[in-house]
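Take a look at the structure below.
The values are calculated or read from the model by the stated rules, or taken from the named source; none is laboratory data. All of these numbers come straight from a predicted model, not from anything done at the bench. Backbone-built Cβ (ideal geometry, glycine too); neighbour counts: all protein chains shown. Ligands, DNA and RNA are excluded from the accessible area calculation, which covers all protein heavy atoms including side chains. Shrake-Rupley method; radii C 1.70, N 1.55, O 1.52, S 1.80 Å.
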Amino acid sequence: MDFKLYNTDIKDINIEEKINKKIRFDLLDQNKKYDLNVEFYNKDLTENLLSEDVSYEIKKEHYLFIKALRNIFEKNNIKISKFNLMGSVEDLNENEMLISVLKTNDGKKENIIWPCKEIFIFEDHKNKLDTLLYSNIISENDYEYNLENLKEEFSIYDNEEEHRYLN
């Protein structure tokens with residue numbers, strides 16, 4: 001089940017009230033465990049998108065939000081195993097949040113936080129390129145070419161100065 005919240009931020013004081021109004025806990029089976037995937041509009045990313053000046057660290061507000069949401073589900077007798085919290089500016093408008101409640105295959109309780117979805121996607125693609133290189137499926141030249149394309153796609157530069165001006 002997916003729930004989209006508007007005019008909502010993870011730092012909102014009344015986040016519990018907003019979530020209780022939006023999520024239909026009566027539709028969830030109290031005898032099963034669920035995973036929560038929450039994608040939120042991360043205002044930290046709005047300026048200087050993916051430049052080295054932007055802070056991608058995990059903050060106290062992320063943990064407080066996870067704790068609040070876990071408590072809300074617990075009060076409604078719903079068990080949450082995995083909690084994925086991912087910030088983005090690409091797929092959501094400002095002050096939007098998407099909460100997905102999924103049946104879990106794993107009973108292990110854990111929290112995974114990616115303040116920037118774009119970095120998560122970049123890392124995933126980079127790991128695939130690394131595997132191809134280590135397996136000798138692609139050459140070093142192909143690896144470097146694909147890595148540069150990936151960096152350009154996500155506007156991630158090793159040296160910002162060299163990409164400011166056209167030669």
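Quick one: count up the residues across region 1-20 that are touching a Leu at 6+ places or on another chain (Cβ under 9 Å) and open to solvent by 30 Å² or more (accessible area, probe 1.4 Å). Residues meeting the conditions: 6. Apart from one condition, E39 fits all of (1) modelled with pLDDT under 90; (2) within 23 Å of E153 (Cβ to Cβ); (3) touching a Leu at 6+ places or on another chain (Cβ under 9 Å); (4) buried (at least 18 other Cβ atoms within 10 Å of the Cβ); the exception is (1). Could you tell me whether region 107-123 includes any residue that is touching a residue at least 60 places away in the same chain (Cβ under 8 Å), within 28 Å of I13 (Cβ to Cβ), of a type outside the set (F, W, Y) and not in a helix (DSSP H, G or I)? Yes, region 107-123 contains at least one residue that is touching a residue at least 60 places away in the same chain (Cβ under 8 Å), within 28 Å of I13 (Cβ to Cβ), of a type outside the set (F, W, Y) and not in a helix (DSSP H, G or I). Residues in region 114-128 that are open to solvent by less than 20 Å² (accessible area, probe 1.4 Å) and of a type outside the set (F, W, Y): P115, C116, E118. Number of residues in region 133-145 that are in a helix (DSSP H, G or I), open to solvent by 60 Å² or more (accessible area, probe 1.4 Å) and in contact with a helix residue (DSSP H, G or I) (Cβ under 9 Å, 6 or more places away or on another chain): the value is 2.
Applying the criterion of being open to solvent by 30 Å² or more (accessible area, probe 1.4 Å) and of a type in the set (A, V, I, L, M, F, W, C) to the residues of region 90-113, the residue that is farthest from the chain's Cα centre (by Cα) is L102.
For region 61-85, taking the residues that are over 21 Å from D12 (Cα atoms) and in contact with a strand residue (DSSP E or B) (Cβ under 6 Å, 6 or more places away or on another chain), the one that is most open to solvent (accessible area, probe 1.4 Å) is identified as K79.
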